[in-house]
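**Q** Below you'll find the structure I mean.
The values are calculated or read from the model by the stated rules, or taken from the named source; none is laboratory data. This one's a predicted model, so the numbers in the text were calculated from it and none came from an experiment. For neighbour counting, all protein chains shown are included, and Cβ atoms are generated from backbone atoms with ideal geometry for every residue, glycine included.
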Amino acid sequence: MSNIPLAAYLAVSTVMFFAGVYGFLSRRNMLTILMSLELMLNAADLNFAVFNKYLYPGQFEGVFFTLFAIGVSAAETAIAIAIIINIYRNLRNINVDEVNKMKF
Amino acid sequence: MMSYTLIILILPALMFLFLGLCGSKMKPVVAGTFGTFGLTVVTVLSYVTAATYFFSIGKTGGAYQTIIPFNVEWLRITEKLHIDLGIMLDPISVVMLIVVSTVSLMVHIYSLGYMKGERGFQRYYALLSLFSFSMLGLVVATNIFQMYIFWELVGVSSYTLIGFYYTKPSAVAASKKAFIVTRFADLFFLIGILVISFYSQTFDFASLTSPTGSILGQPIGATFMGVSVISWAMMLIFIGGAGKSAMMPFHIWLPDAMEGPTPVSALIHAATMVVAGVFLVARMFPLYFFGAPDVLNIIAYIGAITALFAAIVACTQTDIKRVLAFSTISQIAYMITALGVSGYGGEAGLGYMASMFHLFTHAFFKALLFLCAGSVIHVIHSNEMDDMGGLRKYMPITHITFLVACLSISGIPPFSGFFSKDEILVAAFNKDILLFGCLYFCAGLTAFYMFRLYFRIFWGENNKQYEHTPHESPANMTIPLIFLAALTCITGFVPFSQLVSSDFIPFQTHIEWSIAGLSILVAIIGITIATVMYRKENNIPHRVAVVAKGFYTSAYHKFYFDEIWFFITKNIIFNNVSKPIAWFDRHIVDGFMNFLSSSTNFVSRKIKVVQSGEIQDYTWAFFMGALVMIVLLIFV
């Protein structure tokens with residue numbers, strides 16, 4: 001297990017991140033956008049953990065930071081979903097390009 | 001010393017603010033009483049000032065001194081040139097204080113009756129206070145710029161009072177006409193002030209008019225178009241005076257100004273504001289005499305022509321207030337002519353003294369005439385002579401006081417007009433026989449048209465039917481009439497040359513009986529003709545009008561001056577000057593600004609697309625930007 005090279009972890013995290021970017025840019029549904037966002041966040045978290053393991057083995061700051069970021073993103077997602085539900089209740093629509101009632 | 005004179009100015013100003021701001025919250029009669037009370041205090045103080053000045057502190061070494069009890073620097077322009085605000089007492093300003101405050105007080109009292117029940121009664125009294133303040137400030141001005149400030153203030157208050165009945169289109173038109181005409185003339189006044197102060201480096205009357213002062217002491221060689229700049233400046237200043245004093249060709253506003261309430265006509269357009277031009281020339285007199293004698297000659301001739309013109313027109317008008325307006329123009333022209341023929345110092349300065357004397361007496365009897373006319377209008381509700389006649393039975397007090405004023409203006413002794421007019425005629429006779437002849441003929445015309453007015457109002461058709469029987473006006477209107485009539489009887493005996501003279505040194509005058517006799521003779525001829533023509537109704541006036549048809553018609557139309565002005569302004573100035581300027585303004589100036597705004601508008605509409613509000617567009621741009629940066633960081 002310990003001989004999985006660093007580049008492999010980084011490749012996975014890069015793929016995750018750009019999958020998130022692609023999803024964020026191409027999807028219109030707010031929930032999908034939110035999911036893409038989480039994907040990007042998780043890619044970053046993965047990097048924290050991996051760099052912690054390879055650069056400072058025996059220390060745990062990176063791991064703690066990952067846990068901390070997961071907690072924050074969970075709270076943030078809760079808020080975002082609450083907003084999306086409210087938008088849906090009011091407008092019956094959660095397509096990001098069509099929800100422009102408050103634009104002007 | 002005499003610092004209480006400041007109250008004379010401050011009190012009416014405060015009264016204006018007080019009545020203007022709080023007037024609508026109080027009853028009309030309370031506002032009127034406040035205004036009248038304030039003016040009473042001012043009048044008392046003016047009389048105290050005059051008594052103190054003339055009898056105790058004014059004279060030292062046989063000549064009256066100029067006293068400046070109050071002066072503050074208001075605006076400093078250069079090291080030497082600064083505008084002050086202050087109070088200057090010398091014989092003419094003290095005499096003017098008496099004239100203005102007395103007539104103003106009489107008008108305040110009279111208006112309590114005349115304006116009773118009018119809408120805007122409180123506003124009326126506020127404006128009267130404003131006018132009194134401005135006029136008093138004008139006469140006591142220490143420097144020409146302060147005078148100019150108050151000069152404009154009287155113009156504004158005259159404008160508001162002429163347009164007092166602002167729902168009447170003719171009154172609004174008249175007020176605008178008065179303001180624009182006088183303002184147009186004031187433009188020249190301002191240019192004159194600037195020229196004279198540029199060369200003399202002072203605004204102060206004291207140094208401007210002293211015969212050895214800054215401008216006369218070192219004569220200036222500068223000329224413009226072959227005439228010295230002083231002459232130009234003095235001519236321009238006189239044009240300003242001519243505008244206010246309704247000299248030809250600026251007289252057109254005064255007859256129309258009669259649209260205002262009659263007491264206003266009495267105060268502003270007979271006794272005080274319209275003589276501001278005379279006062280201005282008198283104030284600057286040494287400068288005219290030593291610096292610009294050629295202008296003084298022009299002034300004399302303008303005065304004489306105006307006097308003759310206005311007297312002729314007055315004979316044909318049928319609106320009683322317009323007759324009085326033309327008579328005012330004619331009498332002011334007398335004063336102007338007297339200044340024009342005057343010399344400087346002692347006996348030679350008779351014209352100067354006569355002019356001020358006539359100003360003094362004329363203010364009282366002309367105010368009286370207007371107030372009597374107001375009393376008649378108050379009862380008849382019409383300005384037209386044809387609606388009147390036989391009123392002497394119904395209105396005895398108005399009748400007698402009007403008769404006194406008529407006799408005075410016609411120059412019958414012992415009424416005041418005789419004395420002052422006689423001095424003017426003597427002064428004109430000594431200088432120029434042509435001017436004398438002109439004024440002499442005017443004196444006859446004056447007697448004629450005044451008695452024409454008198455007979456047509458109070459005699460004529462004895463059995464004329466009125467809608468309701470005319471009655472005498474209330475006491476608060478007749479008391480000012482009686483007071484002014486009393487003044488008209490006694491002011492002629494004031495030894496005026498002991499008080500006012502061109503060089504402030506008193507001198508002796510006596511009545512030249514040869515000329516006085518001639519003037520009484522012509523006045524009696526005028527009165528006789530008027531008696532024959534108008535005492536009983538007959539067809540002589542009609543026959544005269546038919547015989548001199550062309551002349552009569554043109555005089556009736558005021559010699560078409562209004563039409564000429566209208567032609568000049570409308571057809572020549574509007575079409576050839578204003579329209580091109582308006583075109584330039586609309587197309588070039590406005591066009592440039594419109595181009596700026598519309599091009600900004602265009603560009604902003606084009607780049608608005610970038611800010612779509614679509615979150616994903618923004619993110620796209622963000623990522624692309626980030627990518628480009630990374631590529632640059634790695635490969636460059």
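**Q** For the subset of segment A:35-48 comprising residues that are more than 12 Å from chain B (Cβ to nearest Cβ) and of a type in the set (A, V, I, L, M), which member is farthest from the chain's Cα centre (by Cα)? Quick ask: steps written out before the conclusion?
**A** Keep residues of segment A:35-48 that are more than 12 Å from chain B (Cβ to nearest Cβ), which gives A:35, A:38-39, A:41-48.
In the following step, the residues that additionally are of a type in the set (A, V, I, L, M) were identified as A:35, A:39, A:41, A:43-44, A:46.
Values: A:M35: 7, A:L39: 4, A:L41: 3, A:A43: 7, A:A44: 8, A:L46: 11 Å.
So the residue we want is A:L46.
**Q** Take the residues of segment A:49-104 that are in a loop (DSSP other than H, G, I, E, B) and of a type in the set (V, I, T): which is nearest to the other protein chains (Cβ to nearest Cβ)?
**A** Result: A:V96.
**Q** Something else now. Kindly indicate which of A:M30, A:M35, A:M40, A:M1 is at pLDDT below 95, among the hydrophobic types (A, V, I, L, M, F, W, C) and loosely packed, with under 13 Cβ neighbours inside 10 Å. Walk me through how you get there before you give the answer.
**A** Working: A:M30 fails: loosely packed, with under 13 Cβ neighbours inside 10 Å; A:M35 fails: loosely packed, with under 13 Cβ neighbours inside 10 Å; A:M40 fails: loosely packed, with under 13 Cβ neighbours inside 10 Å.
On inspection, the qualifying residue turns out to be A:M1.
**Q** Right, something else. Which ones in segment A:72-97 are in contact (Cβ under 8 Å) with a residue 24 or more places away in the chain and either small (G, A, S) or exposed (fewer than 14 other Cβ atoms within 10 Å of the Cβ) (or both)? I'd like the intermediate steps shown before the answer.
**A** Step one: filter segment A:72-97 for residues in contact (Cβ under 8 Å) with a residue 24 or more places away in the chain, giving A:73, A:77, A:80-81, A:84, A:87, A:94-97.
Selection gives A:S73, A:A80, A:I81, A:N95, A:D97.
**Q** Further question on the same structure: (1) in contact with a Pro (Cβ under 9 Å, 6 or more places away or on another chain); (2) closer than 20 Å to B:G411 by Cβ: which one isn't true of B:I336, the others all being true?
**A** The number of the failed condition is (1).
**Q** Which one of B:G20, B:G38 is at pLDDT below 90 and small (G, A, S)?
**A** Checking each option against the conditions leaves just B:G20.
**Q** Looking at segment B:142-156, which of the residues that are over 16 Å from the mean Cα position of the chain (by Cα) and not β-branched (V, I, T) is farthest from B:F184 (Cα to Cα)?
**A** Narrowing segment B:142-156 to residues over 16 Å from the mean Cα position of the chain (by Cα): B:142-146.
Now drop any that are not not β-branched (V, I, T), which leaves B:143, B:145-146.
Values: B:N143: 22, B:F145: 17, B:Q146: 19 Å.
Only one residue tops the list, namely B:N143.
**Q** If you check B:L435, B:L425, which single one turns out to be in a helix (DSSP H, G or I) and touching a Leu at 6+ places or on another chain (Cβ under 7 Å)?
**A** Working: B:L435 fails: touching a Leu at 6+ places or on another chain (Cβ under 7 Å).
So the residue among B:L435, B:L425 that is in a helix (DSSP H, G or I) and touching a Leu at 6+ places or on another chain (Cβ under 7 Å) is B:L425.
**Q** Within segment B:194-208, track down each residue that is at positive phi and among the acidic types (D, E). It would help to see each step written out before you state the result.
**A** Let us first name the residues in segment B:194-208 that are at positive phi, namely B:201.
Passing the criteria: none in range.
**Q** Restricting to segment B:10-27, count the residues that are assigned to a helix (DSSP H, G or I) and surrounded by fewer than 20 Cβ atoms within 10 Å (Cβ to Cβ). Full working, then the answer.
**A** We begin by selecting, within segment B:10-27, every residue assigned to a helix (DSSP H, G or I); these are B:10-25.
Adding the requirement that they be surrounded by fewer than 20 Cβ atoms within 10 Å (Cβ to Cβ) leaves B:10, B:13-14, B:17-18, B:20-22, B:24-25.
The qualifying residues number 10.
**Q** Write out, first by first residue and then by second, each pair whose Cβ atoms fall under 8 Å of each other, whose residues are 6+ apart or on separate chains, and whose first residue, in segment B:387-413, is in a helix (DSSP H, G or I) while the second is among the basic types (K, R).
**A** B:H399/B:R392; B:A405/B:K366; B:I409/B:K366
**Q** Has segment B:281-301 got at least one residue that is more than 22 Å from B:G349 (Cα to Cα) and not aromatic (F, W, Y)?
**A** In the first step, residues of segment B:281-301 are kept if they are more than 22 Å from B:G349 (Cα to Cα); the result is none.
The answer is no, given that none of the residues of segment B:281-301 is more than 22 Å from B:G349 (Cα to Cα) and not aromatic (F, W, Y).
**Q** For segment B:61-71, check the following and say yes or no: at least one residue is over 29 Å from B:S200 (Cα atoms), touching a helix residue (DSSP H, G or I) at 6+ places or on another chain (Cβ under 8 Å) and surrounded by 14 or more Cβ atoms within 10 Å (Cβ to Cβ).
**A** No, segment B:61-71 contains no residue that is over 29 Å from B:S200 (Cα atoms), touching a helix residue (DSSP H, G or I) at 6+ places or on another chain (Cβ under 8 Å) and surrounded by 14 or more Cβ atoms within 10 Å (Cβ to Cβ).
**Q** Could we say that B:Y352 is touching a helix residue (DSSP H, G or I) at 6+ places or on another chain (Cβ under 9 Å) and assigned to a helix (DSSP H, G or I) here? Reasoning before the result, please.
**A** Numbers: touching a helix residue (DSSP H, G or I) at 6+ places or on another chain (Cβ under 9 Å): yes; assigned to a helix (DSSP H, G or I): yes.
The answer is yes for B:Y352.
**Q** Here is a list: B:T78, B:T142. Which entry is more than 20 Å from B:G374 (Cα to Cα), surrounded by fewer than 18 Cβ atoms within 10 Å (Cβ to Cβ) and not aliphatic (A, V, I, L, M)?
**A** Values: B:T142 fails: surrounded by fewer than 18 Cβ atoms within 10 Å (Cβ to Cβ).
On inspection, the qualifying residue turns out to be B:T78.
**Q** Here is a further query. I need the helices (runs of 4 or more DSSP H) fully contained in segment B:523-636, keeping only those with at least 3 residues that are over 30 Å from B:F458 (Cα atoms), in contact (Cβ under 8 Å) with a residue 40 or more places away in the chain and away from chain A (no Cβ under 14 Å).
**A** Details: elements: B:540-547, B:549-556, B:561-566, B:579-584, B:590-607, B:615-635.
Qualifying helices (runs of 4 or more DSSP H): B:561-566.
**Q** Additional query: Identify, by number, the condition in (1) surrounded by fewer than 24 Cβ atoms within 10 Å (Cβ to Cβ); (2) over 24 Å from the mean Cα position of the chain (by Cα); (3) at pLDDT 85 or above; (4) over 30 Å from B:G61 (Cα atoms) that B:L407 doesn't meet.
**A** Of (1) surrounded by fewer than 24 Cβ atoms within 10 Å (Cβ to Cβ); (2) over 24 Å from the mean Cα position of the chain (by Cα); (3) at pLDDT 85 or above; (4) over 30 Å from B:G61 (Cα atoms), only one is false for B:L407: (1).
**Q** Taking interchain pairs and intrachain pairs at least six residues apart, which have beta carbon atoms under 6 angstrom, with the first residue in segment A:14-29 and within 11 Å of chain B (Cβ to nearest Cβ) and over 12 Å from A:A43 (Cβ atoms) and the second outside any helix (DSSP H, G or I) and of a type in the set (S, T, N, Q)?
**A** A:R28/A:N95
**Q** Out of B:T553, B:T488, I need the residue that is at pLDDT 85 or above and of a type outside the set (D, E). Which one? Walk me through it before giving the result.
**A** Numbers: B:T553 fails: at pLDDT 85 or above.
Within the list B:T553, B:T488, the selection yields B:T488.
**Q** When the residues of segment B:506-522 are filtered to those that are more than 15 Å from B:F448 (Cα to Cα) and touching a residue at least 60 places away in the same chain (Cβ under 8 Å), which remaining residue is surrounded by the fewest Cβ atoms within 10 Å (Cβ to Cβ)? First the steps, then the outcome.
**A** First, the residues of segment B:506-522 that are more than 15 Å from B:F448 (Cα to Cα): B:506-518.
Next cut, touching a residue at least 60 places away in the same chain (Cβ under 8 Å) only: B:506-507, B:509, B:511-512, B:515-516, B:518.
Working: B:P506: 19, B:F507: 16, B:T509: 19, B:I511: 14, B:E512: 16, B:I515: 18, B:A516: 19, B:L518: 17.
Only one residue tops the list, namely B:I511.
**Q** Can you name the residue in segment B:107-121 that is surrounded by 23 or more Cβ atoms within 10 Å (Cβ to Cβ) and of a type outside the set (A, V, I, L, M) and is also farthest from the chain's Cα centre (by Cα) among such residues?
**A** Out of the qualifying residues, it is B:Y114.
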